[in-house]
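Novice: For reference, the structure I am asking about is given below.
The values are calculated or read from the model by the stated rules, or taken from the named source; none is laboratory data. Keep in mind the model is a prediction, meaning the values are calculated, not measured. A quick note on method: Cβ atoms are made from the backbone with ideal geometry, for glycine too, and the neighbour counts reach across all protein chains shown.
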Amino acid sequence: ADNGSSDEPRIKLLKANGIDVIVTDHHDIPKTGYPVSAYACLNPRRDDCNYPDPYIAGCMVAWLLMTTVRSKLIIAEHLPVATKSLVDSLDFVAVGTIADCVSMARSLNNRIVVHYGLQLINRAVRPCWQAIKSTIKNNISVEDLGFQIGPLLNSDGRLRCAFKAVSFLLANNISEATTWVVELQEQNTERKKIQKHIVTQGIELALQQVAANSYALSIFLTDSHPGVHGIAASRIKDLFGRPTIFLAKKQGDTTEDPIITGSARGIDNFHVCEALQEVAIAEPDLLLAFGGHKGAGGLTLKKSNLALFYKHFEQATRKQLTLSDLGPIIWTDGSLQGAQLSMELVAQLDKLQPFGREFEAPLFELQGMLLEFKPVGDGTHARLLLELSGTKVAGIWFGMRKNSTDPLPVAADNMVTLVAAVAINEFRGFKSLQLNIAYMQYTD
């Protein structure tokens, strides 16, 4: 599931050993075609696929297969007509759709699945959602799925084997689910520490490559963990506004020329999989395997070929991008004045939900006086108070600096220009407006 469209060699080997493989995937089909050795390859991106939406997530493809098999078995009288519908499993599909970062603009199906799935989650019928809701203040939102629940579940697969996450989702009672939540939270804390270490190293290498005028950032680390490379690549991509690949030796490979695995993330106007395809065409024996879609991809190659890969990936990147495409760039939905900030504005914006990739929550540009600025948490976040045209409003800025030892980007008692989302903060039953800061600088 969510893989296999470019895995013909492995699927062919499995078939030769009497093992049938059904591929359910949503990644781009390579130029060599879909895996013909598979018993079936279900992928809405196939040229001969009649399904009208190529932007659904991999979990949705698997769910559609399951629902169709259920219907066929009922028609064939292998299952009773009263067999439970799979609609009630759309809560799982909603989590997977947000975590997979698929388009929420070009796919009506993605929007419907997330909207309905969130309703199921907030009804808290499953013990897993009852347990997780106790850790979240209000109703679970798309933002919670993307920034809390998704990373919590993914941390297990990234560092271990996903057994804990599956056990949590399938828990029979709230006590069992709560036990798994605690273990997943501990593991997620470990994941964050590893990620922070890797991103810190990656920033140093990225700075060197940017100084050398590289359009693409190809970061190879000797001390790393492949399980968090995708997240790390996203962080570096956001910081520098360039396509980014994190690479490391495959775990357990002790050979002289080990296999290297990589996770790639792209920016606007850049197609990751097409760039990797370009590399494969230029050097057919360079990549052992690759796959992905517009925004993300994965690859494997031999360590001895790293320098050659860097060269061809940079060339492929320059074919797609110009200097003006490189960032970082923050797109806003226009300017707001302090007097326009209100609970009603938040309510109106909320009607646009669900937000997600390519349909992000609205961001606005504002100007005002920074009255208070206080680092919180590990020192990389800040709580603040602003006065905007006579209106005082609080704000939170996550990731305002890379490390707690870095200089503060701004200080109180200064005029600032900021980009922020307008939200509601609820504390002990009291609701107030809050700005979720994406960027801030002194006003020129």
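Novice: Of the conditions (1) in a loop (DSSP other than H, G, I, E, B); (2) closer than 28 Å to Lys196 by Cβ, Asp444 fails just one. Which one is it?
Specialist: Result: Asp444 passes all but (2).
Novice: Being over 16 Å from Cys101 (Cβ atoms), part of a loop (DSSP other than H, G, I, E, B) and touching a residue at least 40 places away in the same chain (Cβ under 8 Å) is true for just one of Pro35, Pro30. Which residue is that?
Specialist: On the way: Pro35 fails: touching a residue at least 40 places away in the same chain (Cβ under 8 Å).
One residue alone meets the criteria, Pro30.
Novice: Please work out which residue is surrounded by the fewest Cβ atoms within 10 Å (Cβ to Cβ), limiting yourself to region 168-221 and to residues that are farther than 30 Å from Lys133 by Cα and of a type in the set (S, T, N, Q).
Specialist: Residue satisfying both the conditions and the ranking: Asn213.
Novice: Then there's this: From the list Gln367, Gln348, pick out the single residue that is closer than 28 Å to Ser103 by Cα, polar (S, T, N, Q) and more than 21 Å from the chain's Cα centre (by Cα). Show your work before the answer.
Specialist: Values: Gln367 fails: closer than 28 Å to Ser103 by Cα.
None of the others qualify; the one that does is Gln348.
Novice: Among Pro328, Pro375, which is exposed (fewer than 14 other Cβ atoms within 10 Å of the Cβ) and either touching a Ser or Thr at 6+ places or on another chain (Cβ under 7 Å) or closer than 28 Å to Asn414 by Cβ (or both)? Walk me through how you get there before you give the answer.
Specialist: Numbers: Pro375 fails: exposed (fewer than 14 other Cβ atoms within 10 Å of the Cβ).
Exactly one residue qualifies, and that residue is Pro328.
Novice: Also: In region 308-317, is there at least one residue being in contact (Cβ under 8 Å) with a residue 60 or more places away in the chain and not in a helix (DSSP H, G or I)?
Specialist: no
Novice: Considering each of Phe220, Phe168, Phe163 in turn, give the residue that is aromatic (Phe, Trp, Tyr) and not assigned by TED's automatic domain parsing to the domain that holds Tyr116. Show your work before the answer.
Specialist: Values: Phe168 fails: not assigned by TED's automatic domain parsing to the domain that holds Tyr116; Phe163 fails: not assigned by TED's automatic domain parsing to the domain that holds Tyr116.
Step by step, each of Phe220, Phe168, Phe163 is checked, and only Phe220 is aromatic (Phe, Trp, Tyr) and not assigned by TED's automatic domain parsing to the domain that holds Tyr116.
Novice: Let me ask something additional. Say we look at region 162-177 and pick out the residues that are among the polar types (S, T, N, Q) and in a helix (DSSP H, G or I); which of these is nearest to Lys250 (Cα to Cα)?
Specialist: Residues of region 162-177 that are among the polar types (S, T, N, Q), as a first pass: 167, 172-173, 175.
Subset that is in a helix (DSSP H, G or I): 167, 175.
Numbers: Ser167: 27, Ser175: 37 Å.
Top of the filtered list is Ser167.
Novice: Let me ask you something else. Of everything in region 231-252, what is in a loop (DSSP other than H, G, I, E, B) and within 16 Å of Asn305 (Cα to Cα)? Give them in sequence order.
Specialist: Narrowing region 231-252 to residues in a loop (DSSP other than H, G, I, E, B): 241-243, 250-252.
Hit for region 231-252 is Lys250, nothing else.
For every residue, the table says whether it meets (1) small (Gly, Ala, Ser); (2) within 28 Å of Gly157 (Cα to Cα); (3) in the same structural domain as Gly292 (by TED's automatic domain parsing).
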| site | (1), (2), (3) |
| --- | --- |
| Leu73 | no, no, no |
| Ala76 | yes, no, no |
| Val87 | no, yes, no |
| Val93 | no, yes, no |
| Ser103 | yes, yes, no |
| His115 | no, yes, no |
| Leu120 | no, yes, no |
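Novice: Here is a further query. Just need a number here: residues in region 175-233 that are in contact with a strand residue (DSSP E or B) (Cβ under 6 Å, 6 or more places away or on another chain) and over 21 Å from Asp378 (Cα atoms). Steps first, please.
Specialist: First, the residues of region 175-233 that are in contact with a strand residue (DSSP E or B) (Cβ under 6 Å, 6 or more places away or on another chain): 202, 205-206, 209, 217-221, 224, 226, 229-230, 232-233.
The next check asks that each one be over 21 Å from Asp378 (Cα atoms); those that pass are 205-206, 209, 217-221, 224, 226, 229-230, 233.
The qualifying residues number 13.
Novice: Restricting to region 251-298, name every residue that is touching a strand residue (DSSP E or B) at 6+ places or on another chain (Cβ under 6 Å), surrounded by fewer than 22 Cβ atoms within 10 Å (Cβ to Cβ), touching a residue at least 24 places away in the same chain (Cβ under 8 Å) and charged (D, E, K, R).
Specialist: Asp257
Novice: If you scan region 49-99, which residues turn out to be assigned to a helix (DSSP H, G or I) and of a type in the set (Ser, Thr, Tyr)?
Specialist: Thr67, Thr68, Ser71, Ser89, Thr97
Novice: When you check Leu370 against the structure, is it assigned to a helix (DSSP H, G or I) and either out of contact with any Lys or Arg (no Cβ under 6 Å at 6 or more places or on another chain) or without any contact (Cβ under 8 Å) to a residue 60 or more places away in the chain (or both), yes or no? Spell out the reasoning first.
Specialist: On the way: assigned to a helix (DSSP H, G or I): no; either out of contact with any Lys or Arg (no Cβ under 6 Å at 6 or more places or on another chain) or without any contact (Cβ under 8 Å) to a residue 60 or more places away in the chain (or both): yes.
Judged against the criteria, Leu370 is not a match.
Novice: Can you find, within region 380-391, the residue that is farthest from Val422 (Cα to Cα) among those that are surrounded by fewer than 19 Cβ atoms within 10 Å (Cβ to Cβ) and at pLDDT 95 or above? Can you show your working first?
Specialist: So the first thing to find is which residues in region 380-391 are surrounded by fewer than 19 Cβ atoms within 10 Å (Cβ to Cβ), and the list is 380-381, 383, 385, 387, 389-391.
With at pLDDT 95 or above added as a condition, the list becomes 381, 383, 385, 387.
Numbers: His381: 18, Arg383: 15, Leu385: 14, Glu387: 15 Å.
Step by step, filter region 380-391, then rank; the result is His381.
Novice: Quick one: Ser103 ticks every box in (1) closer than 26 Å to Ala264 by Cα; (2) among the polar types (S, T, N, Q); (3) over 24 Å from the mean Cα position of the chain (by Cα) bar one, so which box is it?
Specialist: Evaluating Ser103 over (1) closer than 26 Å to Ala264 by Cα; (2) among the polar types (S, T, N, Q); (3) over 24 Å from the mean Cα position of the chain (by Cα) leaves (3) as the failure.
Novice: From the set of residues in region 107-128 that are under 26 Å from Glu183 (Cα atoms) and of a type in the set (Val, Ile, Thr), which is modelled with the highest pLDDT?
Specialist: Filtering region 107-128 for residues that are under 26 Å from Glu183 (Cα atoms) and of a type in the set (Val, Ile, Thr), the one modelled with the highest pLDDT comes out as Ile121.
Novice: Shifting gears a bit: Quick one: count up the residues across region 107-161 that are closer than 15 Å to Gln185 by Cα and either in contact with a Phe, Trp or Tyr (Cβ under 8 Å, 6 or more places away or on another chain) or not in a helix (DSSP H, G or I) (or both).
Specialist: Count: 8.
Novice: In this structure, does Arg106 turn out to be surrounded by 20 or more Cβ atoms within 10 Å (Cβ to Cβ) and of a type outside the set (A, V, I, L, M)? Reasoning before the result, please.
Specialist: Details: surrounded by 20 or more Cβ atoms within 10 Å (Cβ to Cβ): no; of a type outside the set (A, V, I, L, M): yes.
The answer is no for Arg106.
Novice: Picking from Thr261, Thr222, which residue would you name as being in a loop (DSSP other than H, G, I, E, B) and either closer than 15 Å to Val199 by Cβ or not small (Gly, Ala, Ser) (or both)?
Specialist: Numbers: Thr261 fails: in a loop (DSSP other than H, G, I, E, B).
Unique residue meeting the criteria: Thr222.
Novice: For Lys431, work out the one condition from (1) charged (D, E, K, R); (2) exposed (fewer than 14 other Cβ atoms within 10 Å of the Cβ); (3) not in a strand (DSSP E or B) it doesn't fulfil.
Specialist: Lys431 satisfies all of (1) charged (D, E, K, R); (2) exposed (fewer than 14 other Cβ atoms within 10 Å of the Cβ); (3) not in a strand (DSSP E or B) except (3).
Novice: Is it true that some residue in region 53-68 is more than 18 Å from Ser107 (Cβ to Cβ) and of a type in the set (D, E, K, R)?
Specialist: No, region 53-68 contains no residue that is more than 18 Å from Ser107 (Cβ to Cβ) and of a type in the set (D, E, K, R).
Novice: To continue, here is another question. If you go through region 284-291 one residue at a time, do you hit one that is in contact with a Lys or Arg (Cβ under 6 Å, 6 or more places away or on another chain) and not charged (D, E, K, R)?
Specialist: Restricting attention to region 284-291, the residues satisfying the condition of being in contact with a Lys or Arg (Cβ under 6 Å, 6 or more places away or on another chain) are none.
No, region 284-291 contains no residue that is in contact with a Lys or Arg (Cβ under 6 Å, 6 or more places away or on another chain) and not charged (D, E, K, R).
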